[in-house]
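Here's the structure, in structure tokens; my notes come after.
Since every read-out is calculated from the coordinates, none of them should be taken as a lab result. Remember, predicted model here, so these are calculated numbers, not experimental data. Positions of Cβ are generated from backbone atoms using ideal geometry, with glycine treated the same way; all protein chains shown enter the neighbour counts.
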């Protein structure tokens, strides 16, 4: 019998594994690259600062896109540099060109982000009184989006600092618990002005608890990691909604 010419099937990876590796890449760059830590710190500061000026949806979208471009460009720059260093023992002229081009992409993205920030914030900053004690209110949708993004950024930073587990599997703190309990706080604030505030809050809390319990039962997180994640998410959401929710 003639041997089959068919190639053996490639191993298939689950969607969760793909996301986990992607987040591992983000955590690795944040942990080892100084420029990425600087970009992350600026991104967190800008996202929080956006709450002071009640940005429109289009302005918030433009700001998030600009931030994403900078982070993506920095990650691609790091990936290109690592790949070149792996396969090239000498500084070949082509390798130098590749590194310079990648660094130039980061520079263009950074200049674009600065331009977007200037166009969005300059008039508002110039017209803002020095007494910033006056709280600026925000719409529930915009505030919820900013809260979730900020929780994710802070979780990634903490995971990079602690260095335990992976982005979606184990580690301190539990990102799933942080988002679930942060969402519970956000829903509670939003529903507080309705006649169904208590049942909505209770149902959302039950879903958050089930999320944390599932992480513990599956052996992905310890109870301490889930609790700390929940506390982190609740603290961020409560602070933002307490200060900026109308």
Inset, instruction - Rank by packing, highest mean first: peptides 112-124, 215-227, with packing defined as the count of other Cβ atoms within 10 Å averaged across residues. - result: 215-227, 112-124
Inset, instruction - Work out, step by step, the length gained on full extension between residue 195 and residue 99: first 0.36 nm times the residue separation, then minus their alpha carbon distance; give nm to one decimal. - result: 28.6 nm
Inset, instruction - Please express the Cα-Cα pair-distance distribution P(r) of region 16-244 as a list of whole percents, one per 5 Å bin, running from 0 to the bin with the greatest distance. - result: 1, 6, 12, 14, 16, 15, 13, 9, 6, 4, 2, 1, 0, 0
Inset, instruction - For region 16-244, calculate the relative contact order in percent as a whole number, restricting contacts to Cα pairs under 8 Å that are 6 or more residues apart. - result: 24
Inset, instruction - Grab the beta carbon distance between residue 242 and residue 203, set R0 = 22 Å, and tell me the FRET efficiency rounded to 0.05. - result: 0.50
Legend entry - Order by protection proxy (mean Cβ within 10 Å, highest first), peptides 204-212, 192-200: 204-212, 192-200
Legend entry - Rg/Rg_globular for region 15-118, with Rg_globular taken as 2.2 N^0.38 Å and Rg from C-alpha atoms: 1.24
Legend entry - Length released on extending from residue 81 to residue 57, taking residue separation times 0.36 nm less the Cα-Cα span: 5.0 nm
